[in-house]
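These notes concern the structure reproduced below.
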Amino acid sequence: MAPLWEVLAKLVTPEPNTRTHSHIWYWKDTKNRVLDSGSIITAEQAERRVLILENPNMRGESKITDTLYAGLQLILPGEVAPSHRHTQSALRFVMHGNGAYTAVDGEKTIMRPGDFIITPSWTWHDHGNESNEPMIWLDGLDIPMVNHFSASFSEKLNEDTQELKRPEGDSLARYGAGLLPVDHKLFDNLASPVFSYPYDRTKEALDKMKESKEWDKCHGLRLKYVNPSNGGHAIPTMATFMQLIPKSFSGNSYRSTDGTIYTVVEGQGKTTINDQEYLWNKGDIFVVPPWAKIKHETIDESVLFSFSDRPVQELLGLFREKIYKQ
């Protein structure tokens, strides 16, 4: 037994107490380091050739925030990352290259820059590169969250690649065209049955919506990726967003309880996290700690992809946000 009165102030804090520090990884540095890893180990030897984006305050823990993992994965021409599955949910956001593929649960999709791809919990998935150039993408997983619950399971397939059961684009046509199969039961899928969200469709939606010039004072124009079966988040443990911020934008400050990882898809600008300014360009990745005050400013029209643990907080009734007046 131990006296509660000696630790109560540490256990029940007036505001969130996080170990996550703000940080930025510059694409001009990370790209070269990831490409260099291709000469150190093969994708087959590594199973997944990834350089982890470790939060500087949590070295050796494979965490970018208290609850999330992120890394940059490389697949060279002709390589295959063997098929496996695990209870952790994963997202892929394509950063560099064109023409590699991901196969998920019997369906294959070609990966292009800006595409957002999910591998739901306990689904077989493998990656291959049939193009003539290296492919790099951002991996985001709920590994720390799953491990916190001691709920990690994984399994390798006996073959490098899984059997394909549906043509490419089937899930997007079946569930992502504003239509659903008549025998589909809503809420059957915690994760989205659409596993590939092409960037060209996302950008088209953003470009059409910006014509109204109805900008959020903090975020510009921010959309979330959804599960068409229930209108919820595409991944049950990770929220994913794409936002377009107009040129010369100076947003209101904002804070929320979900630590968030941002990737610059297009443009250049600056984000102030508490009192620290981070200048960013295409390909840069930065992390915002939970309940940190942030403010976005742009030089050019910019597009940012982001993900966080918001869905879990929402389900538990813990999510909070605050908008500051200019």
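Please find, among Glu277, Glu321, the residue that is surrounded by fewer than 16 Cβ atoms within 10 Å (Cβ to Cβ) and under 21 Å from Thr67 (Cβ atoms).
Working: Glu277 fails: under 21 Å from Thr67 (Cβ atoms).
When all the criteria are applied, what remains is Glu321.
Among the criteria (1) aliphatic (A, V, I, L, M); (2) surrounded by fewer than 20 Cβ atoms within 10 Å (Cβ to Cβ); (3) over 29 Å from Leu190 (Cα atoms); (4) modelled with pLDDT of 95 or more, the one Ala46 does not fulfil is (4). Among the residues of the stretch 194-225, those identified as crowded, with 20+ Cβ neighbours inside 10 Å and either of a type in the set (Val, Ile, Thr) or free of Cβ contacts under 8 Å to residues at least 24 places away in the same chain (or both) are Val194, Thr202. The set of residues from the stretch 125-178 being over 21 Å from Ser83 (Cβ atoms) and of a type in the set (Lys, Arg) comprises just one member, Arg174. Gln326 fulfils the conditions (1) under 16 Å from Gly220 (Cα atoms); (2) within 14 Å of the chain's Cα centre (by Cα); (3) part of a loop (DSSP other than H, G, I, E, B) except for a single criterion, (2).
Restricting the first member to the stretch 147-175 and to residues that are at pLDDT 95 or above, and the second to residues that are in a helix (DSSP H, G or I), the beta-carbon pairs closer than 6 Å and six or more apart or on different chains are Ser152/Val146.
Among the criteria (1) touching a residue at least 60 places away in the same chain (Cβ under 8 Å); (2) surrounded by fewer than 16 Cβ atoms within 10 Å (Cβ to Cβ); (3) assigned to a loop (DSSP other than H, G, I, E, B), the one Ala191 does not fulfil is (2). For the stretch 1-43, the candidate set comprises residues that are at pLDDT 95 or above and of a type in the set (Ser, Thr, Tyr); within that set, the residue that is farthest from Val94 (Cα to Cα) is Thr13. Please count how many residues of the stretch 127-174 are farther than 21 Å from Val194 by Cβ, part of a loop (DSSP other than H, G, I, E, B) and under 22 Å from the mean Cα position of the chain (by Cα). Of the residues in the stretch 127-174, 5 are farther than 21 Å from Val194 by Cβ, part of a loop (DSSP other than H, G, I, E, B) and under 22 Å from the mean Cα position of the chain (by Cα). Here the condition is being over 20 Å from the mean Cα position of the chain (by Cα) and at negative phi; of Pro290, Pro198, Pro246, Pro311, it holds for Pro246 alone.
Mind listing whichever residues of the stretch 282-318 are part of a loop (DSSP other than H, G, I, E, B) and under 15 Å from Ala70 (Cβ atoms)?
Passing the criteria: Gly283, Asp284, Pro289, Asp309.
Taken together, Thr30, Thr42 contain a single residue that is under 30 Å from Gln276 (Cα atoms), of a type in the set (Val, Ile, Thr) and touching a Leu at 6+ places or on another chain (Cβ under 9 Å), which is Thr30. Taking the conditions (1) crowded, with 18+ Cβ neighbours inside 10 Å; (2) farther than 25 Å from Lys156 by Cβ; (3) not acidic (Asp, Glu) in turn, Lys63 satisfies each one other than (2). For the stretch 9-23, how many residues are of a type in the set (Gly, Ala, Ser) and exposed (fewer than 10 other Cβ atoms within 10 Å of the Cβ)? Residues flagged as of a type in the set (Gly, Ala, Ser) and exposed (fewer than 10 other Cβ atoms within 10 Å of the Cβ) within the stretch 9-23 amount to 1. Look at (1) part of a strand (DSSP E or B); (2) more than 22 Å from Pro113 (Cα to Cα) and you find that Tyr262 fails only one, number (2). Criterion first (in contact with a Phe, Trp or Tyr (Cβ under 8 Å, 6 or more places away or on another chain) and under 28 Å from Ser192 (Cβ atoms)) does Tyr254 satisfy it? Judged against the criteria, Tyr254 is a match. One residue stands out in the stretch 80-91 among those that are at pLDDT 95 or above and in contact with a Gly (Cβ under 8 Å, 6 or more places away or on another chain): the one that is surrounded by the fewest Cβ atoms within 10 Å (Cβ to Cβ), namely Ala90. Here Leu76 clears all of (1) under 24 Å from Val194 (Cβ atoms); (2) in contact with a strand residue (DSSP E or B) (Cβ under 8 Å, 6 or more places away or on another chain); (3) of a type outside the set (Phe, Trp, Tyr); (4) at pLDDT 95 or above except the condition numbered (1).
The values are calculated or read from the model by the stated rules, or taken from the named source; none is laboratory data. Values in this document were obtained by computation on a predicted structure and should not be read as measured data. In this analysis, Cβ positions are derived from the backbone assuming ideal geometry, glycine residues included, and neighbour counts consider all displayed protein chains.
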